[in-house]
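The values are calculated or read from the model by the stated rules, or taken from the named source; none is laboratory data. This is a predicted model, so every value here is computed, not measured. For neighbour counting, all protein chains shown are included, and Cβ atoms are generated from backbone atoms with ideal geometry for every residue, glycine included. These accessible areas exclude ligands, DNA and RNA; they are computed on the full protein's heavy atoms, side chains included. Shrake-Rupley method; radii C 1.70, N 1.55, O 1.52, S 1.80 Å.
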Amino acid sequence: MTNRERMLSLIKGEMPDAMPFAPRLDLWHVAARATNTLPKEYKNASIEDICRNEGWGIYRLNSDYSYLETAYDDWVFSVLGIYAPPETCFSMEFNSEVEVETKWKGHEFHVTFHTRMGELSSVVVLDQAAKKQGVTYPWIKERVIKSFDDWDKVGFLFENLELTPRYESYLKVCETIGEDGLVCSSPTDGGSPIHQIHKHLLPHNQFFILYKKDRSRLEKLAASVANFFKQTLKIYQEYPGELIIWGGNYDRTITFPPYFEKDILPWHIKVADCLQPLGKYVITHTDGENHGLMDIIIRSKVNGCESICPYPQTRLKMHEYREQWKDLVLIGGIPAEYLIPGQTSEEEMYQYLDYLFKAVAPGIKYIPGITDAVSPLTDFDRLRKLGNYIQDRGKLPLVGGKVLDIFQGEYTDMDLAPTKFTQAEDVLGELQMAVIKGDKDEVCENVTKCLAAKIDGRAILREGMITAMIYVGDAFGRGDMYIPEMLMAANAMEAGVELLKPALTSSLKQQTKAKVILGTVYGDLHDIGKNLVSIMLKGIGMEVIDLGINVSTDTFIRCVVDEKPDILALSALLTTTMPQMKIVIDSLEEMVIRDHIKIIVGGAPVTDNFAKLIGADGYAETAGSAAALVRNIL
């Protein structure tokens, strides 16, 4: 059988002769080319050449945005979160109602939309230096939505967006792959119009506050965004391929269960009902923490899930994925850290593979791959050994038997016991509950009552608000509260602190708050996790200096020297940017200032083992545990 036949057979639930190893090499290949570190025998080789030579299955999906370097027209649509790489089956344009003006200023792409509703503008940057981290997607430096005045204008853009079928580019990619693998077309990484707004049009914090307090505004814009989704679905009814990836980046924190069920699930069902009777297989990109979403994703009617990131990357172990998603195709399942020297040993890699093969036996509906993708830090010789292991032992059916849980007894935040919370008496207790509810007016009302009752300002802050926010953070970490509730609690507390400031002025002069410098490391443009940590730390009374995203080592060092913080908190959401954490720590060592501060790290691919390896003082899995970690360190 060919690797294409094997992959399709597994997706259909059939039993081929063997499991094909199908690693995503795009990030690794981009970074290796940019740094001239491709293996000698593959100096000028494409991903397809490497996979063919090694006997691996080619797993092609539109995750490399290098095509934008020549497809300038697509830059216009990137500000709306829409892309049309060769694997996608449509091209895009606006009708005569929208006039587009573009201009390059250095490496910045400036676009202005002229409509009868008014003007909109945005700025996009493709950072060439980021290629060394494997990153090719553009950075939206200036969002198209800047105020509520822009909402109807953006809706107008979506209403006047026209898609044209373009199957020939997809078929051309298929020709280059042939029988050596599969081409997966991903028309949208937004699972629904609301999810598209969340991912691409609004800052996370603003989206979640509006989600809770002003849904009608979101729903109105979503009705316009739906024009893109409806056209996409119609075009993909004639899709000449078999496999479609719809939506992605699902995570129980970001796409929490009630949100997924109400605003993403209906579109997944619609897509499945439309395309599956036509012989199409619909999968989705579940590269996040899926604990809490497992049953909902089953109900979404997808045929499978790709980029499965099991423990230790997330909380669920691979045998738990297989047990709960027994009828779904699983693609991925091998954490990238098993290929990175220093993070794991070869012995640990083989131990994991032995466990994995027992967990997925007899092997139906499973395609092994590296999750989320092969990291630029990968040792290629180890990758080759892993591929050889799968080729040697992946003959189907796999031999089953008792699954030895090699991670049994290891701690995760799932093991946290419910936080003990004792409500204070009288008005302080009422203030606590107002903070937990996120009721800004009620918080201010109760702060005023506390001051009238002559309660000390520090007691109002500590016992009335900080204790409540500690409870909120712990509940959020356990999954008992979701992002909107946490943000509303933080905003309510902020209003209370502002009202309390005059009463705190004298005491604050005597009592210095702990200072935390926070930032996402160089090459990484993700901010949601960092922002949540910032909110939680402020909520428990810390002074936070947030340096933002894509922060250089020099900027971190300069800020540490100038601000003299108690704690430096580093965030990374990509395996490719994790090494930047060690670079920052090593630089602090060289300047002999490392011993003056505590350093904590976090982010989706980061583990406690990695934190210890690079010399950090602590690791936090969630925003709530980050706040608890800081309290313990201090």
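Points to keep in mind about this one:
- Against the criterion of being among the hydrophobic types (A, V, I, L, M, F, W, C), at pLDDT 95 or above and either in contact with a helix residue (DSSP H, G or I) (Cβ under 7 Å, 6 or more places away or on another chain) or assigned to a loop (DSSP other than H, G, I, E, B) (or both), Trp56 qualifies.
- Answer from Val100, Val76, Val111 - the residue that is in a helix (DSSP H, G or I) and either of a type in the set (Lys, Arg) or at pLDDT 90 or above (or both): Val76
- Counting only helices (runs of 4 or more DSSP H) wholly contained in the stretch 259-371, the ones carrying 2 or more residues that are under 19 Å from Leu386 (Cα atoms) and open to solvent by less than 10 Å² (accessible area, probe 1.4 Å) occupy 346-360.
- Residues in the stretch 250-299 that are aliphatic (A, V, I, L, M) and within 17 Å of Lys199 (Cα to Cα): 3 in all.
- The stretch 383-397, residues that are without any contact (Cβ under 8 Å) to a residue 60 or more places away in the chain and of a type outside the set (S, T, N, Q): Lys385, Tyr389, Asp392, Arg393
- Test: residue in the stretch 229-239 that is within 27 Å of Arg315 (Cβ to Cβ) and either open to solvent by less than 30 Å² (accessible area, probe 1.4 Å) or assigned to a helix (DSSP H, G or I) (or both): no
- Within the stretch 549-574, the set of residues being farther than 29 Å from His29 by Cβ, in contact with a strand residue (DSSP E or B) (Cβ under 8 Å, 6 or more places away or on another chain) and aliphatic (A, V, I, L, M) comprises Val560, Ile567, Leu568, Ala569.
- Per the listing Ile194, Ile177, Ile209, the residue uniquely of a type in the set (A, V, I, L, M, F, W, C), assigned to a helix (DSSP H, G or I) and open to solvent by 20 Å² or more (accessible area, probe 1.4 Å) is Ile209.
- Condition broken by Glu54, with the remaining ones in (1) exposed (fewer than 14 other Cβ atoms within 10 Å of the Cβ); (2) in contact (Cβ under 8 Å) with a residue 40 or more places away in the chain satisfied: (1)
- If you go through the stretch 445-484 and pick out every residue that is open to solvent by 40 Å² or more (accessible area, probe 1.4 Å) and in a loop (DSSP other than H, G, I, E, B), you end up with 6.
- Residues that are surrounded by 24 or more Cβ atoms within 10 Å (Cβ to Cβ) and touching a Lys or Arg at 6+ places or on another chain (Cβ under 7 Å), drawn from the stretch 543-574: Ser571
- Enumeration of residues in the stretch 431-441 that are open to solvent by 30 Å² or more (accessible area, probe 1.4 Å) and in contact (Cβ under 8 Å) with a residue 24 or more places away in the chain: Met433, Lys437, Asp439, Lys440
- Unmet requirement for Thr253, which otherwise passes all of (1) at pLDDT below 95; (2) outside any loop (DSSP other than H, G, I, E, B): (2)
- Filter result for the condition that a residue is buried (at least 18 other Cβ atoms within 10 Å of the Cβ) and modelled with pLDDT under 90, over Leu504, Leu487, Leu518, Leu508: Leu487
- Qualifying residues in the stretch 26-46 (those that are among the hydrophobic types (A, V, I, L, M, F, W, C) and modelled with pLDDT of 95 or more) - the one farthest from Arg4 (Cα to Cα): Leu38
- Applying a threshold of 7 Å to beta carbon distances and a minimum spacing of six or more residues, or different chains, the list of pairs starting in the stretch 232-244 at a residue that is farther than 17 Å from Leu61 by Cα and ending at one that is assigned to a helix (DSSP H, G or I) and open to solvent by 20 Å² or more (accessible area, probe 1.4 Å) reads Leu233/Cys274; Gln237/Cys274; Gln237/Leu278.
- On the stretch given as the stretch 148-165, residues that are open to solvent by less than 50 Å² (accessible area, probe 1.4 Å) and not in a helix (DSSP H, G or I) total 3.
- Restricting attention to the stretch 575-612, the residues being among the polar types (S, T, N, Q), open to solvent by 30 Å² or more (accessible area, probe 1.4 Å) and either in contact with a strand residue (DSSP E or B) (Cβ under 7 Å, 6 or more places away or on another chain) or at positive phi (or both) number 0.
- Scanning the stretch 593-634 for residues that are over 20 Å from the mean Cα position of the chain (by Cα) and over 15 Å from Pro565 (Cα atoms) yields Asn609, Lys612, Leu613, Ile614, Gly615, Ala616, Gly618, Ala627, Ala628, Leu629, Asn632.
- Residues in the stretch 67-102 that are open to solvent by 60 Å² or more (accessible area, probe 1.4 Å), within 22 Å of Ile145 (Cα to Cα) and polar (S, T, N, Q): Ser96, Thr102.
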